[in-house]
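The values are calculated or read from the model by the stated rules, or taken from the named source; none is laboratory data. The structure presented is a predicted model; accordingly, all values stated were derived computationally and were not measured. Ideal geometry is used to build each Cβ from the backbone, glycine not excepted, and the neighbour counts take in all protein chains shown. For accessibility, only protein heavy atoms count, side chains too; no ligands or nucleic acids. Shrake-Rupley method; radii C 1.70, N 1.55, O 1.52, S 1.80 Å.
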Amino acid sequence: PVVDCCLVTCNTLPLLKRCLESLAATDYPAECINVYVADNASSDGTAEYLADLARSFPFQLHHLRLEVNTGCPVGLNFAVAAGKGELVARLDDDIVLPPDWLRLMVGDLRIRPFAGCVGPKVINDDDHQTIQCGPYRHFPSIYGHDDEVDNGQADYLSRVSHVRGCCNLYRRDALIRSGPFDARFSP
């Protein structure tokens, strides 16, 4: 299925570059991915970078320049509305994606035909490579926070009550039925 990858950015150019570099390596048919970047009035060269990148990016790249910082939910609503794909990937601009991320998540939606959304196990991008959001933790972390080392303990598909927001895959019809991202969480 066609996937619209939607993300919001605001003055985080080094992180955005890293994110888009990892997105460019996605193992999925190029004609089935459209990327929509809602730029919340960045002043750090983001617009110029995206214009230059669009010429060589392996997927269609759309820069949605917003004149003020609308915040993440409103920016996402602009990005989602710009696309028409059957599936919508909601991405943060500070994530690094493995090449197989999209194939795995599309596969999860195929396995769960009644699911409106799937989300991944999230691993912190630090020296410890700990799970940021996974199964309920029974023991305190040795690192002084609630994260635990990834030993494969969350490598399964399960029905959950929520997913982490940094990388989710939605069925567009589920997003339409549930309504837009809540603008009350914008500045």
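Below, the figures for the structure above:
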{"quantity": "Theoretical FRET efficiency, 1/(1+(r/R0)^6), r = Cβ-Cβ of Q129 and N168, R0 30 Å, to 0.05", "calculated": "0.90"}
{"quantity": "Cα-based shape type of the range 26-80, given that a ≥ b ≥ c are square roots of the gyration tensor eigenvalues and the cut on a/c is 1.5", "calculated": "oblate"}
{"quantity": "Percent carbon-and-sulfur accessible area, the chain, ignoring ligands, DNA and RNA, probe 1.4 Å", "calculated": "55"}
{"quantity": "Whether the range 69-121 is rounded, prolate or oblate, judged on the alpha carbon gyration tensor where a/c under 1.5 counts as rounded", "calculated": "oblate"}
{"quantity": "Gaussian network model of the chain, springs between alpha carbon atoms under 10 Å - residue of Y170, Y156, Y36 with greatest fluctuation", "calculated": "Y156"}
{"quantity": "Relative contact order (percent, whole number), the range 3-107, Cα cutoff 8 Å, 6+ residue spacing", "calculated": "46"}
{"quantity": "Convex hull of the chain built on C-alpha atoms - directionally averaged projected area, nm²", "calculated": "11.3"}
{"quantity": "Gyration tensor verdict on the range 1-40 (Cα atoms; rounded if a/c is under 1.5, prolate if a/b is larger than b/c, oblate otherwise)", "calculated": "oblate"}
{"quantity": "Accessible area expressed per residue, the range 57-125, with surrounding protein chains retained (probe 1.4 Å, Å²)", "calculated": "50"}
{"quantity": "Contour excess over end-to-end distance, with Cα ends at I111 and R184 and 0.36 nm allotted per residue", "calculated": "22.9 nm"}
{"quantity": "Antiparallel %, DSSP beta bridges [both residues in the chain], to 5", "calculated": "35"}
